[in-house]
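A.B. asks: Here it is, the structure, as structure tokens.
The values are calculated or read from the model by the stated rules, or taken from the named source; none is laboratory data. Quantities reported herein were computed from a predicted structural model and do not represent experimental measurements. Every residue, glycine among them, receives a Cβ derived from its backbone with ideal geometry; neighbour counts consider all protein chains shown. Calculation scope for accessible area: heavy atoms of the full protein, side chains included, ligands and nucleic acids excluded. Shrake-Rupley method; radii C 1.70, N 1.55, O 1.52, S 1.80 Å.
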Amino acid sequence: MSSVYANMAAATMRHAVCQVMKSTSSRGISSNLHLRWHSSAMAATQAQESKLQSQPNKRKPKTGILMLNMGGPETLEDVHDFLLRLFLDKDLMTLPVQNKLAPFIAKRRTPKIQAQYSKIGGGSPIKKWTDKQGDGMVKLLDELSPNTAPHKYYIGFRYVNPLTERTVEEMEEDGIERAIAFTQYPQYSCSTTGSSLNAIYRYYNSKGEKPKMKWSIIDRWPTHPLLIQCFADHIQKELSMFPAEKRGDVVILFSAHSLPMSVVNRGDRKS
């Protein structure tokens, strides 16, 4: 499983840098990026595990990339709070008397979800791999776009620490000049990326302040050529395990999180 995550991290980092470079309006470097991404990305994913989020740097960061995702419980003790925040999120779902029903559901489901996480090592690996992707991404950006450097990545999860609102506060405290909200969901949905963007809005609204940072958003990238290439490479790798004469008959099953029709009918196409 770790090799799959490593490959996905490297591939995701590659298109992430392309997207962030577009957002920062840098020019004349795409060919260099295409030639040099692979060794740098793989080196980053194989680096020693450390507290990457601190990213010590002698210079004050100028550009902050906020990597948005739902997150996952790192330990079994985190499961309850993860579920509670999830079931309380009205962007994700609406329930009758949600403020009362959500705690009940979270408490009831916690033992079952803890048992499932126990089977994969006791927690979600999403923060570890987001750290690795972010670390590799900012190293490439510092090299390829010195005008917008230093770059610093930040992680903003919806349902576990580091929570999006707290991370935005950290970015403001760091004096970031240019902030990029970069969703880690390829497709846009109001229940995923929309929820994260609303969390940013609610942070400033609760403070009664306007952002000091200049924000831009990367809210979807489902047809990015590098993402498609990543999927294609993995499919080809698995197909190669079948005899050549059988490959044409192999059935490929695509699955994804679906949306309730009530959400689709109000205009959310998850595109």
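A.B. asks: Answer yes or no as to whether Arg202 is part of a helix (DSSP H, G or I) and more than 29 Å from Arg269 (Cα to Cα).
C.D. replies: On the way: part of a helix (DSSP H, G or I): yes; more than 29 Å from Arg269 (Cα to Cα): no.
For Arg202, the condition - part of a helix (DSSP H, G or I) and more than 29 Å from Arg269 (Cα to Cα) - is not met.
A.B. asks: In addition: Pairs, please: C-beta under 6 Å, at least 6 apart or cross-chain, first residue under 14 Å from Ser196 (Cα atoms) and among the acidic types (Asp, Glu) and in the range 78-96, second open to solvent by 40 Å² or more (accessible area, probe 1.4 Å) and part of a helix (DSSP H, G or I)?
C.D. replies: Within 6 Å, the pairs are Asp91/Asn198.
A.B. asks: Go through the range 207-221 residue by residue and tally those that are open to solvent by 90 Å² or more (accessible area, probe 1.4 Å), touching an Asp or Glu at 6+ places or on another chain (Cβ under 8 Å) and either assigned to a loop (DSSP other than H, G, I, E, B) or among the small types (Gly, Ala, Ser) (or both).
C.D. replies: 1
A.B. asks: Would a scan of the range 173-186 turn up a residue that is assigned to a helix (DSSP H, G or I) and either open to solvent by 30 Å² or more (accessible area, probe 1.4 Å) or among the β-branched types (Val, Ile, Thr) (or both)?
C.D. replies: yes
A.B. asks: Any residue in the range 184-192 that is under 19 Å from the mean Cα position of the chain (by Cα) and without any contact (Cβ under 8 Å) to a residue 60 or more places away in the chain? First the steps, then the outcome.
C.D. replies: Going residue by residue through the range 184-192, those that are under 19 Å from the mean Cα position of the chain (by Cα) are 184-192.
With the extra rule that they be without any contact (Cβ under 8 Å) to a residue 60 or more places away in the chain, the set shrinks to 186.
Looking for residues that are under 19 Å from the mean Cα position of the chain (by Cα) and without any contact (Cβ under 8 Å) to a residue 60 or more places away in the chain, one finds at least one in the range 184-192, hence yes.
A.B. asks: Still on this model: Check Asn265, Asn198 and return the single one that is exposed (fewer than 10 other Cβ atoms within 10 Å of the Cβ) and within 23 Å of Asp91 (Cα to Cα).
C.D. replies: Asn265
A.B. asks: So which residues in the range 99-134 are closer than 30 Å to His151 by Cα, open to solvent by 20 Å² or more (accessible area, probe 1.4 Å) and either in contact (Cβ under 8 Å) with a residue 60 or more places away in the chain or part of a helix (DSSP H, G or I) (or both), if there are any at all?
C.D. replies: Residues satisfying the conditions are Pro125, Ile126, Lys127, Lys128, Trp129, Gln133.
A.B. asks: Further question: Which one is farthest from Lys112 (Cα to Cα) among residues in the range 80-97 that are open to solvent by less than 60 Å² (accessible area, probe 1.4 Å) and part of a loop (DSSP other than H, G, I, E, B)?
C.D. replies: Per the stated criteria, the residue is Asp91.
A.B. asks: Is there a residue being within 17 Å of the chain's Cα centre (by Cα) and under 18 Å from Glu74 (Cβ atoms) anywhere in the range 136-147?
C.D. replies: So far as the range 136-147 goes, no, none of its residues is within 17 Å of the chain's Cα centre (by Cα) and under 18 Å from Glu74 (Cβ atoms).
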